[in-house]
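Participant: Attaching a single structure in structure tokens format; questions to follow.
The values are calculated or read from the model by the stated rules, or taken from the named source; none is laboratory data. None of these values were measured; they are calculated from a predicted model. Virtual Cβ from ideal backbone geometry, glycine too; neighbours counted across all protein chains shown.
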Amino acid sequence: MTAGVLGALIPGVPLLLGLGGLTLRASDDQGDPAPRRSAATLGIAGAAISLAVTLALLIFASTPIDANRRWVTIGGIDVTLGISVGDAALYIAVAVCVVALFVQIYSVAYLHDDPRYAPYAAQVSLFTGAMLLVVTSGDLIGMLVGWEVMGACSYLLIGHDRRLPEAPAAAVKAFLVTRVGDVGFLLGVALLIVETGTSRISVALAHHYSTATLTAALLLLLAGVAGKSAQFPLHTWLPDAMAGPTPISALIHAATMVAAGVYVVFRMYPLYEQSAAALAVLGVIASITILLGALSATAQDDMKRVLAWSTVSQIGYMTGALAVGSPAAALFHLLTHAAFKALLFLAAGAVIHVVGTNYLSRMGGLREHMPITFWSFVIGLGALAGLPPLSGFWSKENILTAALHATDGGGPAPVWVGWVVWLSALFAVAITAWYATRLLLCAFFGVSREHGPDGPDWEIGFDDARYTRPRTPHDPPAAMRWPIMLLAVPAALLGLVAYAPGFRSALELEEPHLSAAIVLPLVLLALGAGAAWWLWREAPGEDPAVALGPARPFLAAGFRLDAVQQTLVVRPVRALAGLVTATDERVVDATVEGTGVAATRLGGLLTAAHRFALPGAAVLVLGGALVLTLWFGAAS
Amino acid sequence: MTVYQVMLVATVALPAAGAGALAVLPARHAKILATAVAAVTLVPIVVLAFAHHSSSSYASLSPALSPWADYDVSWVPALHLDFHLGVDGVSYPLVALTGLLTLLCCAYTMWKVPPGGSARTLLALLLVLEAGILGTFLALDLVLFFLFFEVVLLPMYAVIAGWGGEERRKAARKFVLYTLFGSVLLLLGVITVAVTAGTGNLITLTGGHGLGRNTQYAAFALFAVAFAVKAPLWPLHTWLPDAHTQAPTVGSVILAGVLLKMGTYGLIRVGVGVAPLGAHWAAPVLGILAAAAILAGALICLRQTELKRLIAYSSVGHMGFVLLGIATLTATGLQAALIGNVAHGLITGLLFFLAGAIKDRAHTGELADLGGLRETAPRLAGILGFAAIASLGLPGLAGFWGEAFAVVAAVQRGGGLWTTLAVLAAIGGALTAAYFLRLLRKVTHGPVGTPVPAGIAGAEWFAWSPLVALTLAVGLVPALVLVATDAPVLALTGAIR
């Protein structure tokens, strides 16, 4: 039971501290640093305590830990407050806590002049706690709580920046698109709960379902997964979510939110294994997402959007691994991706902090001034592209091997799914190498383009023309530098733990075997990177993306799927809303009002019918009296 | 009389006596006296909570409806009218909610009296309202239930017409006429049942005893329409937006917080309780209308341009979820409806307080003129964000349980129709998020429209913080509301099979 209580502390501490942090007074006046300091303390403590507890459990406790108690019973359906963690879940929790801790530390410096830092730090804590709840929950409803709280926190955090006019819209989009997916998630959970009569995951996993129910429930869950993990066709929120502060991007992309969907499929994998149909759908979604993300990343000018699209693509690799029947490979890539993507975003934040722009076309020549950031980028992008021996190489290799293995058949997924995933994953290796190289070259090599393509310009003034020197970029302050440097370690080396037997058995990962199969991806990697480098060498200082030609705007707009979404969903809903409102006013309410008006008119008519002039009325009364007299007279 | 019987009578008598005293005593003490009465009324309500444990021993005697405590004296035997009060797990959360919201409204009125009339009259009306609503929730006699149901009508009319906005008279008239129409049907239903069964005692009547199939059909049809007007159920809802928009803040809070619940409570206690066969017969229609209400409410909200009107329409959608839960006639659905009722009362009460606060400060409720609230009044914006996110059904907050489990109940009911309704309701949940996010984007984000002073008065904190705390508490511990509802709900659904 003590292990259960400790397990509950993992999500509980950040959630409680986050709630507490929300009640802190925002520092309206600049002079008083106390609220800032307590906000930072609460935020960092939340992540740190969780990390400590998770590590303690990982080292000392015997796993799996499973504890639950009744939460509420609604109509015979038992909802429990449950904690259920195995080693794999604890490793994910460690990744979440580490990234969250670094993000909190980094944010102290990154948002040093933001008066709304206090709610920001609290929301990051809530966000972290919610993700940890998804990871540790032994109950579907508990998982749903974390799942949705994460959506709400992402909304709050993406909309944080008041200076960006697009931030509120991006925040709304992130919440709404994922919420649309959650319609499916809720229905899927409802189906499972109704079938089993409880919301405990362990019971749901062991229950025997009819094929139709199972497939329906799993596909519905996939809708939610697609929303949270930014899979086609619900990926559109992720690139726009770059309007959030950069540390938030790191948090969303590396450890929380997008990882949640992958984790949920992993958690429910015993069910997914039984449904080839669900895996096939997942495989197709994954393949489309891998290519869509990679191709869209090639044409972006915004550094953060390159990284965002690369996340879409990399999450596609994870869902692809799940689809071909290798949850271990998916989880391994999730961990390495958490390390290198957090590194990349935090390093990108350092660049943006210094240069003051997100645009690659305004960067260049940063290598000499920001050596630490540069080398972080080299490690991060190398891992992203799958350069040996960096972490991404090992995990991507695992996925490719698993997909190739699935093409032999015999796994839970159909053979064609194996082929589709393998081919798209392989092709995307080359594209990934290309855009990673392009990003590195454009940002760090060549000359500074801060003042436009013609170099430093002249400022026109009243006195003699003044020369504005480009600002000298520099590596970020310590609170930002250390998280970056520390994250570089796992981003570089995490792949090697695939050789550590304890880790491998926890993830049920196969032993890495460097066979001839790795040659093909490496050749493609060299081709992609070489092509970008060759373009750069041919026309130094020119963006290699020019080579994309007329396809560039199309790719930059992410295949214009936003427009499709606008046409197919947003506009019809708006039109429908207009129609329903009009009906409500002109038909439903008009009927009511009409009844009232009609009653009044009818009353008016009756009144008019009763209105007689005095002589007429007298005649009527007397006539009536006469009739009555005669009547009763005749009767008696 | 036992202690609990005294407390039952006191729950209704205290606010009524308080209203009488307000009318007699001088006006200068009115505010403090009214708030004190509202606070003292909470004492019997709190004491009644302990009746639950004392009653559990003989709960099995009367399976259909077994109140924790009841008090029964004959009043007008010829009309089958007894003064019969009682409380059980279904009614208690609503009783507590009523007591709490009235206290908050009285305290709020101490600080701010809406223009239009004297504080004394308004407070007296609030107390009469409280007495009527509490009586409705506590009545265990059908005719008495009807009487209390009617008591509420005219004070609410007066509150809207006296202290409301610019078009208050029209809105108040529409409200009173529309709900009177519902009352006529309710009266017909009550008379039908009382005459046919020869008693108005709800304990005897619950489970459909003494009523034939056709009588139950007819009675349920009458009850359903009557309560659907009150709840309100689409398409009988159009009195609500006008009434809410024009009512003063405290009027909106009481109206949304507890008055609407009389409709859903009546549907469970009287409709499903007295005419279970009729409920079973009409359930598909009720379910379809509930799903229509969810979708229509959400879609209409997407198009609203006025803050209070938007929140008013959101009630249509939320009550749609409650009615969907009832319509499934499963234990899950009924419990979802009960917690949905309370959650909506807490959250929408809070939303109306906040909307009132914003309108009072900005002197406009037009969404287009508002904006940038998080810059000018970060605390107010924070609480508004909390209330909006709670209202859109975020898990972990009160609104989630009612809505999610209404969907679960519809899935549980199974079959093509109910599965479709579950899907539609779930889509309605996503649309709910859409319009609340639109609201937040217009009001809290973006450039500053109308500057709003940042300060929040003590009375406002006093009125808001219990609602915030309870929204969180009910979300985390739903058993707070549901702890004593298992047995009554199972008895209700048991009567259907």
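Participant: Pairs please, first residue from the stretch A:277-288 and closer than 14 Å to A:S326 by Cα, second anywhere and assigned to a helix (DSSP H, G or I) and polar (S, T, N, Q), Cβ atoms under 6 Å, 6+ apart in sequence or on different chains.
Facilitator: If the second residue must be assigned to a helix (DSSP H, G or I) and polar (S, T, N, Q), the pairs left are A:L282/A:T319; A:A286/A:T319.
Participant: Give the stretch B:1-12 a look and list any residue that's surrounded by 15 or more Cβ atoms within 10 Å (Cβ to Cβ) and without any contact (Cβ under 8 Å) to a residue 60 or more places away in the chain, or say none. It would help to see each step written out before you state the result.
Facilitator: Step one: filter the stretch B:1-12 for residues surrounded by 15 or more Cβ atoms within 10 Å (Cβ to Cβ), giving B:4-12.
Hits for the stretch B:1-12 are B:V6, B:A10.
Participant: Name the helices (runs of 4 or more DSSP H) wholly inside the stretch B:94-203 in which the number of residues that are on the phi < 0 side of the Ramachandran plot and basic (K, R) is 2 or more. So that I can check it myself, show each step before the final result.
Facilitator: Numbers: elements: B:119-138, B:142-151, B:153-163, B:168-197.
Answer list for the stretch B:94-203: B:168-197.
Participant: Does any residue in the stretch A:577-593 that is under 17 Å from B:K170 (Cβ atoms) and at the interface with another protein chain (Cβ under 7 Å from one of its Cβ atoms) come within less than 6 Å, Cβ to Cβ, of a residue that is surrounded by 17 or more Cβ atoms within 10 Å (Cβ to Cβ) and hydrophobic (A, V, I, L, M, F, W, C) six or more places away or on a different chain, and which pairs are these?
Facilitator: Nothing qualifies.
Participant: Identify all residues within the stretch B:300-320 that are within 12 Å of chain A (Cβ to nearest Cβ), surrounded by 23 or more Cβ atoms within 10 Å (Cβ to Cβ) and either in contact with a strand residue (DSSP E or B) (Cβ under 7 Å, 6 or more places away or on another chain) or under 24 Å from B:I339 (Cα atoms) (or both); write none if there are none. Give the steps one after another, and end with the answer.
Facilitator: Of the residues in the stretch B:300-320, the ones within 12 Å of chain A (Cβ to nearest Cβ) are B:300-305, B:309-310, B:313, B:316-317.
From the residues that got through so far, the ones that are surrounded by 23 or more Cβ atoms within 10 Å (Cβ to Cβ) too are B:300-301, B:310, B:313, B:316-317.
Matches in the stretch B:300-320: B:C301, B:L310, B:Y313, B:V316, B:G317.
Participant: Specify which of the listed residues (A:S84, A:S125, A:S50, A:S107) is under 25 Å from A:A190 (Cβ atoms), away from chain B (no Cβ under 14 Å) and touching a residue at least 12 places away in the same chain (Cβ under 8 Å).
Facilitator: Numbers: A:S125 fails: under 25 Å from A:A190 (Cβ atoms); A:S50 fails: under 25 Å from A:A190 (Cβ atoms); A:S107 fails: under 25 Å from A:A190 (Cβ atoms).
Among A:S84, A:S125, A:S50, A:S107, only A:S84 is under 25 Å from A:A190 (Cβ atoms), away from chain B (no Cβ under 14 Å) and touching a residue at least 12 places away in the same chain (Cβ under 8 Å).
Participant: Among helices (runs of 4 or more DSSP H) lying entirely in the stretch A:1-116, which contain 1 or more residues that are more than 20 Å from A:V149 (Cα to Cα) and in contact with a strand residue (DSSP E or B) (Cβ under 8 Å, 6 or more places away or on another chain)?
Facilitator: Details: elements: A:2-22, A:34-60, A:87-110.
Correct list: A:2-22, A:34-60.
Participant: In addition: Looking for whichever is in contact with a helix residue (DSSP H, G or I) (Cβ under 7 Å, 6 or more places away or on another chain) and on the phi > 0 side of the Ramachandran plot here; the options are B:G396, B:G415, B:G402, B:G429. Which one fits?
Facilitator: Values: B:G415 fails: in contact with a helix residue (DSSP H, G or I) (Cβ under 7 Å, 6 or more places away or on another chain); B:G402 fails: on the phi > 0 side of the Ramachandran plot; B:G429 fails: on the phi > 0 side of the Ramachandran plot.
Being in contact with a helix residue (DSSP H, G or I) (Cβ under 7 Å, 6 or more places away or on another chain) and on the phi > 0 side of the Ramachandran plot holds for just one of B:G396, B:G415, B:G402, B:G429, which is B:G396.
Participant: Within the stretch B:31-70, restricting attention to residues that are touching a Ser or Thr at 6+ places or on another chain (Cβ under 6 Å) and under 19 Å from B:H209 (Cβ atoms), which residue is modelled with the highest pLDDT?
Facilitator: Among them, the one singled out is B:L65.
Participant: For the stretch B:234-349, please list each of the helices (runs of 4 or more DSSP H) lying entirely inside it that holds at least 2 residues being under 14 Å from the mean Cα position of the chain (by Cα), closer than 25 Å to A:V79 by Cβ and touching a residue at least 12 places away in the same chain (Cβ under 8 Å). So that I can check it myself, show each step before the final result.
Facilitator: Values: elements: B:239-246, B:249-254, B:260-266, B:276-302, B:307-328.
Those helices (runs of 4 or more DSSP H) span B:260-266, B:307-328.
Participant: Let me ask something else. Looking at the stretch A:111-119, is at least one residue in contact (Cβ under 8 Å) with a residue 40 or more places away in the chain, hydrophobic (A, V, I, L, M, F, W, C) and away from chain B (no Cβ under 14 Å)?
Facilitator: Yes, there is a match, as at least one residue in the stretch A:111-119 is in contact (Cβ under 8 Å) with a residue 40 or more places away in the chain, hydrophobic (A, V, I, L, M, F, W, C) and away from chain B (no Cβ under 14 Å).
Participant: Taking the stretch B:230-267, which residues are at pLDDT below 90 and closer than 19 Å to B:V285 by Cβ?
Facilitator: Matches in the stretch B:230-267: B:K230, B:A231, B:P232, B:L233, B:W234, B:P235, B:L236, B:H237.
Participant: Still on this model: Given (1) surrounded by fewer than 19 Cβ atoms within 10 Å (Cβ to Cβ); (2) of a type in the set (S, T, Y); (3) within 12 Å of chain B (Cβ to nearest Cβ), identify the lone condition not met by A:S202.
Facilitator: Going through (1) surrounded by fewer than 19 Cβ atoms within 10 Å (Cβ to Cβ); (2) of a type in the set (S, T, Y); (3) within 12 Å of chain B (Cβ to nearest Cβ) one by one, A:S202 breaks only (3).
Participant: Give the stretch B:384-399 a look and list any residue that's facing chain A (nearest Cβ under 8 Å), over 15 Å from B:Y435 (Cβ atoms) and not in a loop (DSSP other than H, G, I, E, B), or say none. Break it down stepwise before answering.
Facilitator: Within the stretch B:384-399, the subset facing chain A (nearest Cβ under 8 Å) is B:385, B:389, B:394-396.
Now drop any that are not over 15 Å from B:Y435 (Cβ atoms), which leaves B:395-396.
Residues satisfying the conditions do not exist here.
Participant: Go through B:A381, B:A331, B:A377 for me and flag whichever is within 14 Å of another protein chain (Cβ to nearest Cβ), of a type in the set (A, V, I, L, M) and touching a strand residue (DSSP E or B) at 6+ places or on another chain (Cβ under 9 Å).
Facilitator: On the way: B:A381 fails: touching a strand residue (DSSP E or B) at 6+ places or on another chain (Cβ under 9 Å); B:A377 fails: touching a strand residue (DSSP E or B) at 6+ places or on another chain (Cβ under 9 Å).
Going through B:A381, B:A331, B:A377 in turn, just one is within 14 Å of another protein chain (Cβ to nearest Cβ), of a type in the set (A, V, I, L, M) and touching a strand residue (DSSP E or B) at 6+ places or on another chain (Cβ under 9 Å): B:A331.
Participant: Looking at the stretch A:24-38, can you tell me whether even one residue there is at pLDDT 85 or above and in contact with a Leu (Cβ under 9 Å, 6 or more places away or on another chain)?
Facilitator: Yes, the stretch A:24-38 has at least one match.
Participant: Something else about it: Against the conditions (1) at pLDDT 90 or above; (2) surrounded by fewer than 24 Cβ atoms within 10 Å (Cβ to Cβ); (3) not hydrophobic (A, V, I, L, M, F, W, C), where does A:G316 fall short? Just the number, please.
Facilitator: Unmet for A:G316, out of (1) at pLDDT 90 or above; (2) surrounded by fewer than 24 Cβ atoms within 10 Å (Cβ to Cβ); (3) not hydrophobic (A, V, I, L, M, F, W, C): (2).
Participant: Do you know which residues across the stretch A:515-537 are hydrophobic (A, V, I, L, M, F, W, C), in contact (Cβ under 8 Å) with a residue 40 or more places away in the chain and farther than 30 Å from A:V447 by Cβ?
Facilitator: A:A517, A:I518, A:L520, A:L522, A:L524
Participant: Right, next: Name the single residue that is nearest to the other protein chains (Cβ to nearest Cβ) among those in the stretch A:58-80 being over 13 Å from A:R200 (Cβ atoms), touching a Gly at 6+ places or on another chain (Cβ under 9 Å) and β-branched (V, I, T).
Facilitator: A:I65
Participant: Quick one: in the stretch B:350-372, which of the residues that are aliphatic (A, V, I, L, M) and either within 14 Å of chain A (Cβ to nearest Cβ) or outside any helix (DSSP H, G or I) (or both) is surrounded by the most Cβ atoms within 10 Å (Cβ to Cβ)?
Facilitator: The initial filter retains those residues of the stretch B:350-372 that are aliphatic (A, V, I, L, M), namely B:350-351, B:354-355, B:357-358, B:362, B:367-368, B:370.
With either within 14 Å of chain A (Cβ to nearest Cβ) or outside any helix (DSSP H, G or I) (or both) added as a condition, the list becomes B:367-368, B:370.
Values: B:L367: 19, B:A368: 10, B:L370: 22.
That would be B:L370.
Participant: Given the criteria within 14 Å of chain B (Cβ to nearest Cβ), free of Cβ contacts under 8 Å to residues at least 12 places away in the same chain and buried (at least 23 other Cβ atoms within 10 Å of the Cβ), does A:A190 qualify?
Facilitator: Numbers: within 14 Å of chain B (Cβ to nearest Cβ): yes; free of Cβ contacts under 8 Å to residues at least 12 places away in the same chain: yes; buried (at least 23 other Cβ atoms within 10 Å of the Cβ): yes.
So A:A190 passes the test.
Participant: Same structure again: Specify which of the listed residues (B:A390, B:A425, B:A430, B:A406) is touching an Asp or Glu at 6+ places or on another chain (Cβ under 9 Å) and buried (at least 24 other Cβ atoms within 10 Å of the Cβ). Can you show your working first?
Facilitator: Details: B:A390 fails: touching an Asp or Glu at 6+ places or on another chain (Cβ under 9 Å); B:A430 fails: buried (at least 24 other Cβ atoms within 10 Å of the Cβ); B:A406 fails: touching an Asp or Glu at 6+ places or on another chain (Cβ under 9 Å).
Selected residue: B:A425, the only one of B:A390, B:A425, B:A430, B:A406 that is touching an Asp or Glu at 6+ places or on another chain (Cβ under 9 Å) and buried (at least 24 other Cβ atoms within 10 Å of the Cβ).
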